[in-house]
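As structure tokens, the structure follows; a few thoughts come after it.
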Amino acid sequence: MKLKCEVAVYLNAIFNFRNRLNTSLSYQIYDSASQLPSEWDSISDTVFLQRAYLELLEKSAPENMKSFFIGLFADEKLSGVALSQFINLKTVESFGDRDQCFKTKIRNLVFKNFSSNVLFIGNNMLTGQNAFAFSDAISESEGLHLLHNAAAEIKKTVHTKCSKVHLMVWKDFTSEQISKCNTAEFDAFYKFSTQPNMVFDIRKSWFSFDNYIEDLQKKYRDQYKRARKKADGIAKRKLSLEEIKHYNLVINQLYLTVSQNAAFNTFYLPENHFVEFKKLLGDKFLFYGYFDEGKLIGFNTLIKNGCDIDTYFLGYDETCQREKMLYLNMLYDMIAYSVNKGYSRIIFARTALEIKSSVGAKPVEMFGFIKHSNPVLNFFMARFFKYFEPQTIWNERSPFKN
């Protein structure tokens, strides 16, 4: 019986291989989401590759960003979808005001003059592999080969219409995903790893937020109680589209307070970004405001993505954040919502690694590929990358009893 099964698997593999030899593979690049094939949404379940979200990238993307959408075809049938973004860093006035050391100034100067035009295969506004998805009609290697060809064409298009692409970047892959990229197309790229993606796995034994609190060690239960006590008097509520419009200017100011205090930014969101998100994503996009005596002092945003909750951008008044432990309270609120609503994971993304770890998020190492168009600079890419992106030193926490 076992031998018959093995023979059947072998014959099926031969049949599929012969079919692939006769399969015609191609790709199509789209400048606008309105041009996408009608069956686009059937390829991937993730909201970040769906038509509605891609339309948002056109309507509310940063000024220095241009998106390209790629369809992959097997025998003229749509069998893969992908996203590429071109970013012009020269138009960014500040990459971030937090670090003003000499090394940071040198890094910013280098980016402005030698690496300002960057083409991403993936989404530079998110953490995680939100770059592409393939159906069973094409293999991983075939899909990656097509994407390399598409990326080369986009690079030529950008060069013709705008300016030369300095850097090509593929992001973000897990260790399992990166192992599938061992192909000749990536030989000239430098494989890098940056800050991990902080992922919070929701235990099946948690039926409510109280179950989460019960599983915390005493030290971290005390941290939770202290944070909640600090935030006494702060009112939190979900904002409607009309309320987001009403507070739009304040929201933008709070967002800029956080983004400008980052170590490095490649873009800034336009003023209408969250309004457009709420318009097009509706209930899939959650916007929570935090009020002190009626004044909006902070906000956070969540995106429903299947069984996951993806955290998005947030903002706060810096003084209130320190006094009220606002950011930590936001993390607890995100966990409470996700647990109570029965989600499986929270994607907390990068930054603030230690505080996210203290509430239970775990680091997932992420990898990418980068290549400079100048062969000499690309030869030294490993050295440059390690100099400009030093390893982040932080202490991972273990807040649960077991």
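The values are calculated or read from the model by the stated rules, or taken from the named source; none is laboratory data. Model, not experiment: these values are computed from the prediction. Methodologically, a virtual Cβ is constructed for each residue, glycine included, from the backbone with ideal geometry; neighbour enumeration extends over all protein chains shown. Note: accessible area is taken over every heavy atom of the protein model, side chains too, but ligands, DNA and RNA are not part of it. Shrake-Rupley method; radii C 1.70, N 1.55, O 1.52, S 1.80 Å.
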Protection-proxy order for peptides 184-191, 246-253, 78-85, each taking the mean of Cβ atoms within 10 Å per residue, highest first: 78-85, 246-253, 184-191
Cβ crowding within 10 Å averaged over residues, with 367-380, 140-153 ranked highest first: 140-153, 367-380
Percent carbon-and-sulfur accessible area, the chain, ignoring ligands, DNA and RNA, probe 1.4 Å: 51 percent
Region 197-364, accessible area per residue, ligands and nucleic acids excluded (1.4 Å, Å²): 45 Å²
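How about region 258-356: which GluC sites (Glu not before Pro) there lie in a loop by DSSP and see at most 13 other Cβ atoms within 10 Å?
Listed in order of number, the matching sites are E293.
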Protection proxy ranking of 166-176, 391-401, 24-34 - average other beta-carbon atoms within 10 Å, highest first: 166-176, 24-34, 391-401
For region 197-364: relative contact order, % (alpha-carbon pairs under 8 angstrom, 6 or more apart): 37 percent
Members of K59/K236; K156/K386; K164/K191; K161/K191; K304/K401; K66/K155 lying beyond 18 Å, as alpha-carbon distances in this model show: K59/K236; K156/K386; K164/K191; K161/K191; K304/K401
q = 0.08, 0.12 Å⁻¹, the chain: log10 I(q)/I(0) [Debye, one scatterer per Cα]: -0.48, -1.07
Total formal charge among the other residues, if their Cβ is under 15 angstrom from that of P37, Lys/Arg +1 and Asp/Glu -1: -4
